Amino acid sequence: MKKLITVLTTICLSACSIFGIRSANEPHYQVLTEEGAIQIRHYPSLVVAQTEVNADYKNASGLAFQRLAGYIFGNNKKQQAITMTAPVIQQQQAEKLTMTAPVMQQKSGAVWVMTFMLPQGYTLSTAPEPLDSAVLIQETPNKKVATLRYTGSLSEQGIEQKSAELTDWLSHQHYQTISPPRSAAYDPPWTLPFLRRNEVHIDIE
C-alpha cells in the first residue's frame, strides 16, 4: 500500500513540474488588502482532511503527507479518489507535556499538524470517511487571513523567519491575530526553489 501511495503521489504532483507550472485547484478567496507580498484575504468555510504527527519538522512532514495522500487516493470507506488541491497547510502545535513523579513536567516533542483542503462541493456528510483513524475530516469557518508570500526552499527556519516578519507587520498595522502562524506550500519538493510559491498564514479578527 505504501508503494502504491508513493507512486500515486508522484503522478499527482507531477502536474506541477520543476519549472513551477501548477494545475492543482485552490480554494476561492477574496483579497481585501494588499501591500507588497502581504495580502489580507477572506476565505469561505472549507472542509479539510487533517492529521497530527509528533516528530521533528522533516519527519512529520513526510509521515503526515503520506497519510493524507493515502486518504485522497482512496484509503477511505468509499475507496474514492479526491482531487489534489493546493496549498498544503502545516503548522506546529504547542508542545505536549507529560506528567511525571514527583510533580514535574517534561516536553514530549513537537506536534505538527498538516491539512489538505478538499475540493469545493464537499461537506462533512459527503466527504469519504478515512480508513486511517489518524486522519480527521473537519470544517473550518469562514475567516480573514493575513498571508505573506515568498520563494525558496520550505524549511522550519524559513517558516519561523517569515512568521516573525508577518507578525511584526500585523502588529504595526494594529491587526489582532487569533491564530498561530502556519505554512502554506503550493509546489512539490522538486520545484526549483526560486520558482516555488510558499506562504505564511495567520488568522486575524
Worksheet item: So what is the relative contact order of region 21-204, in percent, for Cα pairs below 8 Å that sit 6 or more residues apart?
Response: 27 percent
Item to complete: Provide the per-residue ³J(HN,Hα) series for region 132-146, in order, calculated from phi with Karplus coefficients 6.51, -1.76, 1.60 and θ = phi - 60°, each as a whole number of Hz, with x at glycine and proline positions.
Response: 8, 5, 7, 9, 10, 9, 9, 10, 8, x, 5, 7, 9, 10, 8
Worksheet item: Over region 21-204, what number does the Rg to Rh ratio reach, with both radii from the alpha-carbon atoms and Rh per Kirkwood?
Response: 0.98
Practice prompt. Count the lysine pairs in region 21-204 whose Cα atoms sit under 22 Å apart, keeping only pairs 8 or more residues apart in sequence or on different chains.
Written response: 6
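No lab work stands behind these numbers, since they all come straight from the coordinates. Bear in mind that the values here come from a model prediction, so they are computed numbers and not experimental data.
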